[in-house]
Amino acid sequence: MSDSGRRKPPLVADKRYGRATSKPTRKPVSKKPKPRKASAQRPRKKAAAKRNPISAFFLSILSWVLRLIWSIVWRTSVVVGLLVGLAVGYVYLTLPDVDELLDGRARGSVTLLDRGDQVFAWRGDQFGGVVTAETVSKHLKNAVIATEDKRFYRHFGVSPRGVASAIRINLSEGRGPLSGHGGSTLTQQTAKLLCLGVEYVPEDWESESAYVQDCRRGSLGRKVKEAVYAMAMEVKYSKDEILSVYLNRAYMGGGAYGAEAAAQRYFSKPSANLSPAEGAMIAGLLTAPSSMAPTANLQRSQDRAATVLRLMNEQGYLSDEDTRFYQNNPATLSEAAEAKSGGYFADWVMSSGPEFFTRNTTEDVILKTTLDPRIQSAAEEGLRWVFENKVREGSKAQAAIVVMSADGAVRAMVGGRQTKVSGAFNRATQAKRQTGSAFKPFVYATALERGGHYDDMVLDEPYCLNVPGSGNWCPKNYTGKHYGNVSLTFALQNSLNVPAVKVSEKAGRENVRTVAGMFGIESDLAAGPALALGASESSLLEMTGAYAGILNGGSSVTPYGLIELRLLGDDAPLMGTGGGIGERVISDAAARELIWMMEKVVSEGTGARAQLPGWQVAGKTGTTQAARDAWFIGFTSDYVAGVWMGYDDNTPLTGVTGGGLPAEIWRETMVRVHEGLNPKPLPAFVPPPKSKPAPRPQRQRGKGIDDVVNGILNDIFGRN
């Protein structure tokens, strides 16, 4: 039988779990939602965008713009990078060997030596020699890096951080972003010194200064070129080679180009031996070399050096103790640099020498000169002493001094009260002033040469001359008095005007003009009778040289300062002395008489304030009309010196004559000049002693007839 139609009884398990015998329909069981992934949110955003179509529109535009900008930026960056790379590569190929970049001066230098072969002045573009970053003092190297570019060894030629900082500072100070601070690295500064490889060609530029100004332009285009050139240098050269070029090329004030020239110029020592204080001083003037130069303003230079020392300390180059020590003991100039002796003298030698070897030389030239630093100091000290002790405070009066030997060799020159100058107006050589009575010795020299004598007589009385076109001209003596018959010596020693004019007229004005011209007074001499009273203008150098001709016995001299000129490294001079004794003007006898007459001017006349203890002095005072100029020129057996005093604007001096302050300046100068020298007499004529009249025989009272007879017999037959 089949039990297919029979039901199966429920199982025990089914009962346990409540299962029905018939299979029920299952309801779906809801599962716990899983946390959604980020990707699952996208549909919601789309849904939201669909819900807000305006936001979706703007978001899509922003997204497109950002993608466009990014696309432009990275493509532009690639293009710019390629262009910069090509530009750097091109410049790299044009860069020469580093040795060719170390000396880039357009002009040469002139070094001036005194008569003892010691350097006393420099002119032109001074270059002391090639140095490297390894050979200079480490203190100078550290000072330059600390001051100019503290990240020098870490950048690639351009410092974005430095540029950004410079722009921020410029904007904060109210300037344009590229005006003022430039943020240039040392490499960029070196590129600027090299003028981006453009060499100076005189034919292409109006002047050298125009070329330099073009090299220093700060436009945006120039900055870009400078950056490219700097990066090419970083590829071509090592950091120390770039620093070496900078240390050789940079202008460091006082005419010094490069570290070696600056070290020699300011401290008279090699750049390898500079102390931290000296290195800081040189590094400190790189920002403004002309105004910061210690020869221009030592205090300002020392203050700047103190700041550089602080920067060196902050960057770990100096300890706190060393920094304090060198700040409290700043660098000072060497004796030669501090003295800066002969500034006027050096300018004169440079102006009187051949231009192609002095002012515009392209070579390094050595000039040996006649300057005596001891005598130069004597002249400066004498002038200073008189103005400090004899002249009222605040006076604007000026003075000039020239000291020379009898052959015209100039030993000292002061062209004004400010003695530590260079390139200033030189009143000893450039000022042409009326000479006054200082001209009179040439009047009497003419008379003596034409047969006159020191004791010839001339009548001092009221005197007038008819000058064609001007009428009567009546000279007057300074005292307003007349002295009757006087000797030529008396007339000169008391500077009488009437006798001087009479002597000039008798000797002949043209003859006087000729004698004065032959003695070296080259200025246009007055044609009228006032010639005798010094109405003509002349320079102090000319007048002093003319007096030297009197001292040397009557031969003309050409004042000179150059002994020899040679090129640096050469032993043979290219040229020698450009002056000295020339042709004879008056006889030795006439010169000796004139010297004797001029000695009386100092010993007994108007020049008494110029007397030197133990020395014979001959000279002549001079005061022009209205006391606009005052002179004293005189000499001993060893030296001739001339002094001029006056105002630059021709304002009359107050209470000053040639026998006053100028004679005192002369004396104070010559006292110092003659220290340690043994007095020697002047080469003067010595007049014979005046013969005394023979005493008349006197009759003796109380003699008898025998005495009378014996006397007669003795007169007839003589005594045994």
For this session: Can you give me the number of residues within the range 381-398 that are open to solvent by less than 10 Å² (accessible area, probe 1.4 Å) and either within 20 Å of the chain's Cα centre (by Cα) or without any contact (Cβ under 8 Å) to a residue 40 or more places away in the chain (or both)?
Result: 0
Seminar exercise, completed: Exactly one of L247, L285, L274, L220 is open to solvent by 40 Å² or more (accessible area, probe 1.4 Å), of a type outside the set (F, W, Y) and either over 29 Å from the mean Cα position of the chain (by Cα) or under 25 Å from L112 (Cα atoms) (or both), and that residue is L220
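Here is a list: N511, N485. Which entry is within 27 Å of F685 (Cα to Cα), open to solvent by 20 Å² or more (accessible area, probe 1.4 Å) and assigned to a strand (DSSP E or B)? If you could, list the steps in order and put the result at the bottom.
Values: N511 fails: assigned to a strand (DSSP E or B).
Only one candidate passes the filter, namely N485.
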Seminar exercise, completed: Among (1) over 25 Å from Y200 (Cβ atoms); (2) open to solvent by less than 20 Å² (accessible area, probe 1.4 Å); (3) within 31 Å of the chain's Cα centre (by Cα), S159 falls short only on (3)
Seminar exercise, completed: Note on the range 560-604: residues within 22 Å of R667 (Cα to Cα) and touching a residue at least 40 places away in the same chain (Cβ under 8 Å) are L594, I595, W596, M597, M598, E599, K600, V601, E604
For this session: Test each condition in (1) assigned to a loop (DSSP other than H, G, I, E, B); (2) closer than 30 Å to G108 by Cα; (3) modelled with pLDDT of 95 or more for L541 and report the one that comes out false.
Result: (1)
Problem set entry | Filtered residue count, the range 600-616, keeping only those that are surrounded by 24 or more Cβ atoms within 10 Å (Cβ to Cβ) and under 18 Å from F442 (Cα atoms) | 4
For this session: State all residues of the range 310-335 that are open to solvent by less than 60 Å² (accessible area, probe 1.4 Å), in a loop (DSSP other than H, G, I, E, B) and free of Cβ contacts under 8 Å to residues at least 24 places away in the same chain; if no residue qualifies, say none.
Result: S319
Seminar exercise, completed: Out of (1) touching a helix residue (DSSP H, G or I) at 6+ places or on another chain (Cβ under 8 Å); (2) modelled with pLDDT under 85, the one P695 does not meet is (1)
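Only one residue in A548, A530, A516 is assigned to a helix (DSSP H, G or I) and touching a helix residue (DSSP H, G or I) at 6+ places or on another chain (Cβ under 6 Å). Which one?
On the way: A548 fails: touching a helix residue (DSSP H, G or I) at 6+ places or on another chain (Cβ under 6 Å); A530 fails: touching a helix residue (DSSP H, G or I) at 6+ places or on another chain (Cβ under 6 Å).
It is A516.
Quickly run through the range 293-304 and pick out the residues that are assigned to a helix (DSSP H, G or I), open to solvent by 40 Å² or more (accessible area, probe 1.4 Å) and under 23 Å from R216 (Cβ atoms).
Keep residues of the range 293-304 that are assigned to a helix (DSSP H, G or I), which gives 298-304.
Restricting the remaining residues to those that are open to solvent by 40 Å² or more (accessible area, probe 1.4 Å) gives 298-300, 303-304.
Once the filter is applied, which keeps residues that are assigned to a helix (DSSP H, G or I), open to solvent by 40 Å² or more (accessible area, probe 1.4 Å) and under 23 Å from R216 (Cβ atoms), the range 293-304 yields R300, R304.
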Exercise. Given A232, A262, A280, which one is over 29 Å from the mean Cα position of the chain (by Cα), buried (at least 22 other Cβ atoms within 10 Å of the Cβ) and in a helix (DSSP H, G or I)?
Worked result: A232
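Tell me, yes or no, whether the range 363-380 has at least one residue that is open to solvent by 30 Å² or more (accessible area, probe 1.4 Å) and part of a loop (DSSP other than H, G, I, E, B). Before you say what the answer is, go through the steps one by one.
Going through the range 363-380, the residues open to solvent by 30 Å² or more (accessible area, probe 1.4 Å) turn out to be 363-364, 368, 373-374, 377.
Filter once more, so that each one left must be part of a loop (DSSP other than H, G, I, E, B): 363-364.
Taking every residue of the range 363-380 in turn, at least one turns out to be open to solvent by 30 Å² or more (accessible area, probe 1.4 Å) and part of a loop (DSSP other than H, G, I, E, B).
Please work out if T307 is touching a Leu at 6+ places or on another chain (Cβ under 9 Å), more than 30 Å from P573 (Cβ to Cβ) and not in a loop (DSSP other than H, G, I, E, B). Reasoning before the result, please.
Numbers: touching a Leu at 6+ places or on another chain (Cβ under 9 Å): no; more than 30 Å from P573 (Cβ to Cβ): yes; not in a loop (DSSP other than H, G, I, E, B): yes.
Answer is no for this residue.
Residues are listed down the side, and each one gets a yes or a no for (1) at pLDDT below 95; (2) over 28 Å from F156 (Cβ atoms); (3) in contact with a Ser or Thr (Cβ under 8 Å, 6 or more places away or on another chain):
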| position | (1), (2), (3) |
| --- | --- |
| V235 | yes, no, no |
| K239 | yes, no, no |
| A250 | yes, no, no |
| G253 | yes, yes, yes |
| G258 | yes, no, no |
| Y266 | yes, yes, yes |
| K269 | yes, yes, yes |
| A272 | yes, yes, yes |
| P276 | no, yes, no |
Problem set entry | Residues that are of a type in the set (A, V, I, L, M), open to solvent by 10 Å² or more (accessible area, probe 1.4 Å) and under 25 Å from E355 (Cβ atoms), drawn from the range 94-120 | A106, L113, V119
Problem set entry | Residue match in the range 460-480 (condition: open to solvent by less than 80 Å² (accessible area, probe 1.4 Å), out of contact with any strand residue (DSSP E or B) (no Cβ under 6 Å at 6 or more places or on another chain) and part of a strand (DSSP E or B)) | yes
Exercise. What number goes with the only condition from (1) assigned to a loop (DSSP other than H, G, I, E, B); (2) at pLDDT below 80; (3) closer than 30 Å to D240 by Cα that K32 does not pass?
Worked result: (3)
For this session: Kindly indicate whether P662 is part of a loop (DSSP other than H, G, I, E, B) and either open to solvent by less than 20 Å² (accessible area, probe 1.4 Å) or in contact (Cβ under 8 Å) with a residue 60 or more places away in the chain (or both).
Result: no
For this session: Answer with yes or no whether E338 is within 18 Å of R265 (Cα to Cα) and open to solvent by 70 Å² or more (accessible area, probe 1.4 Å).
Result: yes
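Taking the criterion of being modelled with pLDDT of 90 or more, open to solvent by 40 Å² or more (accessible area, probe 1.4 Å) and β-branched (V, I, T), would at least one residue in the range 666-681 satisfy it? If you could, list the steps in order and put the result at the bottom.
Restricting attention to the range 666-681, the residues satisfying the condition of being modelled with pLDDT of 90 or more are 666-681.
Subsequent filtering for residues that are open to solvent by 40 Å² or more (accessible area, probe 1.4 Å) retains 667, 671-672, 675-681.
Applying the additional criterion that residues be β-branched (V, I, T) yields 671.
Within the range 666-681, one or more residues are modelled with pLDDT of 90 or more, open to solvent by 40 Å² or more (accessible area, probe 1.4 Å) and β-branched (V, I, T).
Could you please find all residues in the range 408-453 being buried (at least 21 other Cβ atoms within 10 Å of the Cβ) and within 16 Å of D588 (Cα to Cα)?
Start the filter on the range 408-453 by keeping residues that are buried (at least 21 other Cβ atoms within 10 Å of the Cβ), which leaves 408-415, 419, 426-429, 431, 433-448.
P441, F442, Y444, A445, T446, A447, L448, listed by residue number.
The values are calculated or read from the model by the stated rules, or taken from the named source; none is laboratory data. From a predicted model like this one, the values you see are computed outputs, not experimental measurements. Note that we place each Cβ from the backbone using ideal geometry, even for glycine, and neighbour counts take in every protein chain shown. For accessibility, only protein heavy atoms count, side chains too; no ligands or nucleic acids. Shrake-Rupley method; radii C 1.70, N 1.55, O 1.52, S 1.80 Å.
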